[in-house]
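Take a look at the structure below.
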Amino acid sequence: MQRILTQLNRLYILLLLLSISIFFSCVYYNTFYNAEVNFKKAKKIIEQTPSSSNSENEEIPSQAKKLLGQAIENCHIVINSYPNSKYVDDAYFIIGKASFLRKEFFNAEKYLKKLIELYPHSEYHKESQIWLIYTYLKMNDLDFAKTKLNELLATYS
């Protein structure tokens, strides 16, 4: 009887650990999924917003700005809570692009550079380099943008 109880306790503990593992895995994936969904919704709002002739100084819609902020927050959770996750490079990419769309160019630069430096084999590596060059243009750092563009062209030609 004691042996059966011991085996049941082991089975219970194993089931509990498995349940906790699945729960945390779902929380982690849902956090990233929500970041992705919020980013896509914000991008769609921005794309559907009619722009004036002076679109450089135009503010993005407040709902899009809020969604981008939520996407950035969720990506920070993924990066800080799950640093070994397969979604960390995706999170850096979303933060970089979301910051760019919010016209927070210094943050965009910071996270795009991190992605480029930390994840040279990421599927977002080349695209991040292009976004980084565009960020330098928006920051009016034309010389650096030109230098980075020439480096990019030399690398991939």
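The values are calculated or read from the model by the stated rules, or taken from the named source; none is laboratory data. Fair warning: this is a prediction, and the values are worked out from it, not measured in the lab. With ideal geometry, Cβ positions are generated from the backbone for all residues, glycine too; neighbour counts draw on all protein chains shown. Accessible surface areas use protein heavy atoms only, side chains included; no ligands, DNA or RNA. Shrake-Rupley method; radii C 1.70, N 1.55, O 1.52, S 1.80 Å.
Heavy-atom accessible area per residue, region 93-139, 1.4 Å probe: how many Å²?
Accessible area per residue: 51 Å².
Enumerate the calculated ³J(HN,Hα) couplings along region 40-46 in order (Karplus 6.51 cos²θ - 1.76 cosθ + 1.60, θ = phi - 60°), each rounded to whole Hz, writing x wherever the residue is Gly or Pro.
These are the phi-based 3J(HN,Hα) values: 5, 5, 4, 4, 5, 4, 4 Hz.
Tell me which aspartates and glutamates have Cα within less than 19 Å of K86's Cα, excluding those fewer than 8 residues away on the same chain?
Correct list for K86: E36, E73, E117, E123, E127.
How large is ³J(HN,Hα) for each residue in region 146-157, as worked out from phi by the Karplus curve 6.51 cos²θ - 1.76 cosθ + 1.60 (θ = phi - 60°), to whole Hz, x for Gly and Pro?
5, 4, 5, 5, 5, 5, 5, 5, 5, 5, 10, 9
Measure off, as a whole percent, the carbon and sulfur share of the 1.4 Å-probe accessible area of region 35-141, all protein chains present.
49
Give me the net charge for the shell around K40: Cβ to Cβ below 13 angstrom, other residues only, Lys and Arg +1, Asp and Glu -1.
That works out to +1.
Looking at the P(r) of region 96-157, how many percent of alpha-carbon pairs lie beyond 19 Å?
Cα-Cα pairs of region 96-157 separated by over 19 Å account for 24 percent.
Summing +1 for each Lys or Arg and -1 for each Asp or Glu, what net charge is found among the other residues whose Cβ lies under 12 Å from the Cβ of W131?
+3
First select every other residue whose beta carbon is under 14 angstrom from the beta carbon of F106; then total the charges, Lys and Arg +1, Asp and Glu -1.
With Lys, Arg at +1 and Asp, Glu at -1, the neighbours total +3.
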